[in-house]
Amino acid sequence: MPERAEHAFAPAQKDDDFAASVFDGLSRPLKSLPCRFFYDSIGSALFEEITRQPEYYLTRAEIAILEANAPEMLGGELSGGILIEFGSGSSIKTEILIRLMPRLRAYVPIDISESALLEAKRRLTSRFPRLDVRPILGDFSHPVALPPEFERLPKLGFFPGSTIGNFPPAEAAQMLRMMRLTLSSGGRLLIGVDLKKDARQLVRAYNDAKGFTAAFNLNLLARINRELGGTFDLNAFRHRATYEPLEGRITMHLVSTKEQAVELDGARIQFSEGETIHTESAYKYTIDEFRRVSRSAGWLPQRVWTDPDNLFSVRELV
Ligand SMILES: C[S@@+](CC[C@H](N)C(=O)[O-])C[C@H]1O[C@@H](n2cnc3c(N)ncnc32)[C@H](O)[C@@H]1O
């Protein structure tokens, strides 16, 4: 039995959710799979590799913004309050904030990846022995129940990585509404959002030369094989990431390189040559476009910080 994340107040992502979503997505005329299923332990590790690739400017730019501006972002310390992170992954960026908050009452990382939560908790408790780290294994697209003793404490939300870009604007607004409920009134949110830029630079970021993004994308099929007994031939699909300027988004697909059939729990899923499975979108915004999304979710956009090359933004919502 793998060690479980402690204090998993929200229900874990269940296998039947995975199975039902896969069947549903692969039965559609335009096949698709939800991107949250990328993040099993292998997917989470591959994502960390992606963040270290030279083409993936997002992580470096966001870290630079946080390092240059964290004291101003925090605006004095959140003394006795709690820091809640949505889609926390490795929590590496969060350390920049935690270092400046010695009197933080607790840090609550929320993620669907159990392995990422366990690893982050191990690292943070060894680096910050006095910090109460309370991971929640759960889905941030629903309001997340916090430990009751935290309910009345001041809350700062943190949502880095431009994970919000994985949702079309209307759904992104819905996520932001959920986060507002989780943070309750008076909560503040610092959110990382990737900016619109030259299409070639965007496309390179999702097609790194060493192939980590391709491996991350294909791992979704490998996960279906491992967990649901699928028969996907990983050599018969290839990664594709393109930029759609009208929509302002990168889309990632897996492309079937030949006509083929895949067995999945007694069902036969047919693919024609060139047919695709949509696996992820990554929407890019101008400063004003994301202000509008935030406002439509009931947040008041405040300060915006960017890096010197205007690649990425971190925004404050209250
Ligand atoms: C793009 S990565 C960002 C990781 C990290 N925050 C960073 O900035 O590098 C997205 C993270 O969100 C998590 N995630 C994706 N969908 C989620 C959901 N619906 N609920 C909770 N976590 C989710 C993934 O497991 C992953 O750790």
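The values are calculated or read from the model by the stated rules, or taken from the named source; none is laboratory data. Remember, it's a predicted structure, so these values are computed and weren't measured experimentally. A quick note on method: Cβ atoms are made from the backbone with ideal geometry, for glycine too, and the neighbour counts reach across all protein chains shown. Note: areas computed on protein heavy atoms with side chains; ligands, DNA, RNA excluded. Shrake-Rupley method; radii C 1.70, N 1.55, O 1.52, S 1.80 Å.
So the values come out like this:
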read-out	value
Residue among 43, 81 that alone is farther than 30 Å from residue 152 by Cβ, open to solvent by less than 50 Å² (accessible area, probe 1.4 Å) and touching a Lys or Arg at 6+ places or on another chain (Cβ under 9 Å)	43
Looking only at the range 270-298, and only at residues there that are among the small types (Gly, Ala, Ser) and assigned to a loop (DSSP other than H, G, I, E, B), the one that is surrounded by the most Cβ atoms within 10 Å (Cβ to Cβ)	297
Residues being open to solvent by 70 Å² or more (accessible area, probe 1.4 Å), more than 14 Å from the ligand (Cβ to nearest atom) and under 15 Å from the mean Cα position of the chain (by Cα) - total across the range 136-176	0
Residue check, residue 152 among the charged types (D, E, K, R), at pLDDT below 95 and not in a strand (DSSP E or B)	yes
Any hit, the range 120-133, residues being under 21 Å from the mean Cα position of the chain (by Cα), open to solvent by less than 10 Å² (accessible area, probe 1.4 Å), within 13 Å of the ligand (Cβ to nearest atom) and β-branched (Val, Ile, Thr)	no
Filtered residue count, the range 54-68, keeping only those that are open to solvent by less than 50 Å² (accessible area, probe 1.4 Å) and under 15 Å from residue 202 (Cβ atoms)	6
Unmet criterion (only one of (1) more than 14 Å from the ligand (Cβ to nearest atom); (2) open to solvent by 30 Å² or more (accessible area, probe 1.4 Å)) for residue 104	(2)
Leading residue by the ranking (farthest from residue 242 (Cα to Cα)) among those in the range 194-211 that are in contact with a strand residue (DSSP E or B) (Cβ under 9 Å, 6 or more places away or on another chain) and open to solvent by 40 Å² or more (accessible area, probe 1.4 Å)	196
Subset of the range 177-197 that is in contact (Cβ under 8 Å) with a residue 40 or more places away in the chain and within 12 Å of the ligand (Cβ to nearest atom) - its residue that is farthest from residue 161 (Cα to Cα)	182
Residue among 42, 63, 98, 92 that alone is touching a Phe, Trp or Tyr at 6+ places or on another chain (Cβ under 7 Å) and not small (Gly, Ala, Ser)	98
Only one of 82, 96, 42 that is more than 10 Å from the ligand (Cβ to nearest atom) and over 19 Å from the mean Cα position of the chain (by Cα)	82
Residue in the range 27-34 that is in a helix (DSSP H, G or I), surrounded by 14 or more Cβ atoms within 10 Å (Cβ to Cβ) and either more than 16 Å from the ligand (Cβ to nearest atom) or charged (D, E, K, R) (or both) present	no
Filter result (touching a Lys or Arg at 6+ places or on another chain (Cβ under 8 Å) and within 13 Å of residue 211 (Cα to Cα)) within the range 50-62	53, 55
Residue satisfying condition, being basic (Lys, Arg) and under 25 Å from residue 27 (Cα atoms), within set 238, 177, 200	238
Meets criteria (open to solvent by 40 Å² or more (accessible area, probe 1.4 Å), of a type in the set (Asp, Glu) and at pLDDT 95 or above) for residue 72	yes
Close pairs from the range 277-297: first of a type in the set (Phe, Trp, Tyr), partner open to solvent by 20 Å² or more (accessible area, probe 1.4 Å), Cβ under 8 Å, at least 6 apart	283/166; 283/167; 283/168; 283/169; 283/247; 283/249; 285/196; 290/301
